Each structure stands twice: as C-alpha cells, then as structure tokens.
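Okay, structure first, notes after.
The values are calculated or read from the model by the stated rules, or taken from the named source; none is laboratory data. Note that this is a predicted model, so its numbers are computed, not measured. No Cβ is skipped: glycine too gets one built from the backbone with ideal geometry, and neighbour counts run over all protein chains shown.
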Amino acid sequence: MKLIYKNPIKIRGYYIWNANTKFLSVQELKDKLNSDINDKKLLEKLVKKFGSKLFFDSGNENSNKFFSWFSRIKEWDNQKNVKAKYSIRPKKYERDENGNMIDLFDFSENLGKESKLKIDFEFDSFETILEMDSVNIKPYNKNLKLYKKYTKSEKYLEQTNEIKKLASKIIGTEKNYFMQARRIFDWILDNISYKYPPEKRGVIPTLKKRCGDCGEFNHLFITLCRSLGIPARAILGMWAVPKIKDGYHAWAEFYLEGIGWIPVDSSIAEGLKNKNDKGFIKFMKKVKNPMNPNYYFGNLDRNRIIFSKGENIPLVNCPKRLSKFEMMEKCESLFMQPTSVYPFVDGSEKGIFIVDITSEINIL
C-alpha cells in the first residue's frame, strides 16, 4: 500500500481581503445606542444597529492595533511548486506544529479607513491515489509527537465515553487500523446527513443531531479515529474552480505508519451515495470529479486548494488580552481558511471598534 501523486494541473488565482473600521467613542455609544461599555445588552444593540459585523471593545492598549492572521498557501505532498505574491509584506510569520505557515499582518495605521490585502498565487495540484497491494499495517510508535498530537482529545474533537463506545461498536472485532478507518467512513455515510449551516460546531452536537456540514463530518470522522488510537486531522481549503461562489471546503486525513497521511472526504462521499442534492451532483460532473463514493476514502481529486491542516491553531504574536466580544479562546483559531475568523482590534481610547470584512477568491 502506498500513496502516489499524479496528473498535475496548474492552478492560478488571487485572494482579496478588505476591512473597513469605524470607532464609536463612549459618548457616541451613549448618543447612538443609549448604552455604555458595561451594558450587558451592548452586543445585541450593536448587531441591531450595524448588522452582523465584528465588534471589539477598546481602551486596553497604549496605541491603536489592528492585526489579522492568514495561513499561507504552501507546499504539501499534493500541492507543489507554489508561488505567491503579496501586495504588502507580513509583519511576522511562523510555522506551527501542524506544518502551517501563519502570517501576521499589521493594519494598525489604517484604522478608520480601508485596509486591503491581495495575494496572487499559483501551484501544481496533483491527484492523490492510494495504490493497494496489501493491507498489512505497521503498529504505531506511540512515543512520537505526531501520534500524541493527533490522537488527543481537544475542543470540538472531544473523546467522550459515548464516542468511544460508538467507535468500538462500529469496528467490532476488526484489528487492522486501515479497515477500522474504513468502517468509520462507511458508518458515517449511512448515518449522517449533510446540513448547512449546522446548528452548533463540534463532534458532540453533530452526533446528537446526526447531521452537519463538511466540517462536522470531519469532526466525527477524526474523533472516532482518534478514540481508537488512529491519528487523524482536518484539512481546510476550497474548490479550485473558476466562478465558484462559497467554495470553501473541509476534509480529513488519517495517518498510517510507513505510508503517511491518507485523505478522506466523507461529506462528498455521502452526497454522491445518497444523491439528495441535484445541484451538488451537477457540480461534481461539471468539474469531472470521480462519481464513485468509495473513491473518497484514500484518494483525492486535484480540484482543491489547501490552506491549512489541523484545528485550534495557535496564532503568531497574539495579544494576551482579547476583546470581551472575541470568540477566540487562548489565542487560537478554530481553522484558517485562509484567514483567521477573528482579527484583533484595540486602542487607547475607550469605546467600540466596528470592523466590516469582505473577502473573495478568484480562480483564473
């Protein structure tokens, strides 16, 4: 059994990120919202007045700060010869323990006006094929850092007693790690249905509701694998298809000793097997992707961009104190696709920053 990468295609495109910021002083909060910083209903009032933008309380720094983090499009086994051109240089960058390159951009001088970043990119994308000649699998070296990291329980991937019992029930008497992962894949296709957006993120609500989007399919696959001692992690990216809207996508991979990281896309396989979404089936035919659900266990098409791997990703140079409206925890982002979901904005003057962010990716 081995992984091979073949049939490359050239993918070119650009990513544009725009942010406009507005500051509401304490007096403006009083005049416009009849509110103050300590009002328990302040966020509700801000959303009602300004819509679903991002809000940050200010007055905790000596000077204005506006940071945002991006995961660099970089080389992986099926993504090679990457070239990228930035309209501005990152302030700092760092490789995290998942192998991602996280760039920190400083837009502090642009507070109160538009901030803009453009990234032009190109790379060769390869189809991933799992070539089967044997299903003999080596035992894991449980002392390795990789094994410990990708079998642990963490936020959104909690290995509850319910999860462990379910995983044990799914695999039955099967001892082969590869076949265990396959049984999990088959169980998910038979028991979980696609729903976007999910009511809540994470493996616990997904298992309870028996539905979720691509990210939640991954949460379930990854956590069931990990509970059996099979290293597994998420991949965050998008479809590399021209003129596609909302093309962001997530899938997973699990690790086998002596072979490497094997791709699994259970949400795509479920859609192909059950054929509940005619638009999705039409899309898959248009991009000439394999239509066999079984293909997406061990193999992967080449019509994708990888932005990052892993979840709960630590951010570079993250401030110690986050906004009371901030949804990050411990300076970690749930995912990077390609930017952190939440930037950081703060200043010396008491008040509220309103941040309106728009972004787009175009494949040429």
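Output the number of residues of the stretch 309-364 satisfying the condition of being without any contact (Cβ under 8 Å) to a residue 24 or more places away in the chain and of a type in the set (S, T, N, Q). Let's see the steps before the verdict.
Taking the stretch 309-364 first, the residues without any contact (Cβ under 8 Å) to a residue 24 or more places away in the chain are 320, 322, 327-328, 330-332, 341.
Still in the list and also of a type in the set (S, T, N, Q): none.
Counting residues in the stretch 309-364 that are without any contact (Cβ under 8 Å) to a residue 24 or more places away in the chain and of a type in the set (S, T, N, Q) gives 0.
Output the number of residues of the stretch 25-52 satisfying the condition of being touching a residue at least 12 places away in the same chain (Cβ under 8 Å) and out of contact with any Leu (no Cβ under 8 Å at 6 or more places or on another chain).
Total meeting the criteria: 5.
For the stretch 99-140, which positions are assigned to a loop (DSSP other than H, G, I, E, B) and of a type in the set (Phe, Trp, Tyr)? If you could, list the steps in order and put the result at the bottom.
So the first thing to find is which residues in the stretch 99-140 are assigned to a loop (DSSP other than H, G, I, E, B), and the list is 99-100, 107, 111-113, 132-140.
Correct list: PHE107, TYR140.
Taking the stretch 299-317 only, how many residues are outside any loop (DSSP other than H, G, I, E, B) and at pLDDT 95 or above? Step through it out loud before you land on a result.
The first filter runs over the stretch 299-317 and keeps only residues outside any loop (DSSP other than H, G, I, E, B), leaving 300, 304-309, 313-314.
Okay, now just the ones that are also at pLDDT 95 or above, so 300, 304-309.
Final tally of qualifying residues: 7.
Just the residues that are touching a strand residue (DSSP E or B) at 6+ places or on another chain (Cβ under 9 Å) and either at pLDDT below 95 or assigned to a loop (DSSP other than H, G, I, E, B) (or both), please, taken from the stretch 227-237. Before you say what the answer is, go through the steps one by one.
Initially, the stretch 227-237 is screened for residues touching a strand residue (DSSP E or B) at 6+ places or on another chain (Cβ under 9 Å), giving 230-237.
Correct list: ILE230, PRO231.
For the structure I just gave you, tell me whether LEU111 is modelled with pLDDT under 95, surrounded by 16 or more Cβ atoms within 10 Å (Cβ to Cβ) and aliphatic (A, V, I, L, M). I'd like the intermediate steps shown before the answer.
Values: modelled with pLDDT under 95: yes; surrounded by 16 or more Cβ atoms within 10 Å (Cβ to Cβ): yes; aliphatic (A, V, I, L, M): yes.
So LEU111 passes the test.
Within the stretch 154-171, is there a residue that is in contact (Cβ under 8 Å) with a residue 12 or more places away in the chain, touching a Ser or Thr at 6+ places or on another chain (Cβ under 7 Å) and of a type in the set (S, T, N, Q)?
yes
Tally time: how many residues in the stretch 21-66 are over 31 Å from the mean Cα position of the chain (by Cα), crowded, with 16+ Cβ neighbours inside 10 Å and hydroxyl-bearing (Ser, Thr, Tyr)?
Matching residues across the stretch 21-66 total 1.
Could we say that ARG183 is of a type in the set (D, E, K, R), at pLDDT below 95 and surrounded by fewer than 21 Cβ atoms within 10 Å (Cβ to Cβ) here?
Numbers: of a type in the set (D, E, K, R): yes; at pLDDT below 95: no; surrounded by fewer than 21 Cβ atoms within 10 Å (Cβ to Cβ): yes.
Answer is no for this residue.
Here is a check on your reading of the model: is SER348 at negative phi, part of a strand (DSSP E or B) and among the small types (Gly, Ala, Ser)? Outline the logic, then answer.
Details: at negative phi: yes; part of a strand (DSSP E or B): no; among the small types (Gly, Ala, Ser): yes.
In short, no.
Restricting attention to the stretch 336-357, report how many residues are of a type in the set (D, E, K, R) and in contact with a helix residue (DSSP H, G or I) (Cβ under 6 Å, 6 or more places away or on another chain). Quick ask: steps written out before the conclusion?
Just the residues of the stretch 336-357 that are of a type in the set (D, E, K, R), to begin with: 346, 349-350, 356.
Remaining after also requiring in contact with a helix residue (DSSP H, G or I) (Cβ under 6 Å, 6 or more places away or on another chain): 350.
The qualifying residues number 1.
TRP69 - would you say it is under 19 Å from the mean Cα position of the chain (by Cα) and within 21 Å of ARG321 (Cα to Cα)?
On the way: under 19 Å from the mean Cα position of the chain (by Cα): yes; within 21 Å of ARG321 (Cα to Cα): yes.
Considered against the rule, which asks whether it is under 19 Å from the mean Cα position of the chain (by Cα) and within 21 Å of ARG321 (Cα to Cα), TRP69 comes out as yes.
If ASN78 satisfies all but one of (1) buried (at least 16 other Cβ atoms within 10 Å of the Cβ); (2) over 21 Å from ARG302 (Cβ atoms); (3) of a type outside the set (Phe, Trp, Tyr), what's the number of the condition it fails?
Single failed check for ASN78: (2).
In the stretch 299-356, which residues are surrounded by fewer than 20 Cβ atoms within 10 Å (Cβ to Cβ), assigned by TED's automatic domain parsing to the domain that holds GLN27 and among the acidic types (Asp, Glu)?
Answer for the stretch 299-356, where residues must be surrounded by fewer than 20 Cβ atoms within 10 Å (Cβ to Cβ), assigned by TED's automatic domain parsing to the domain that holds GLN27 and among the acidic types (Asp, Glu): GLU349, ASP356.
Among the candidates LYS320, LYS285, single out the residue that is out of contact with any Pro (no Cβ under 8 Å at 6 or more places or on another chain), farther than 26 Å from PHE254 by Cβ and assigned to a loop (DSSP other than H, G, I, E, B). Explain how you work it out, then say what you get.
Details: LYS285 fails: assigned to a loop (DSSP other than H, G, I, E, B).
Answer to the check: LYS320.
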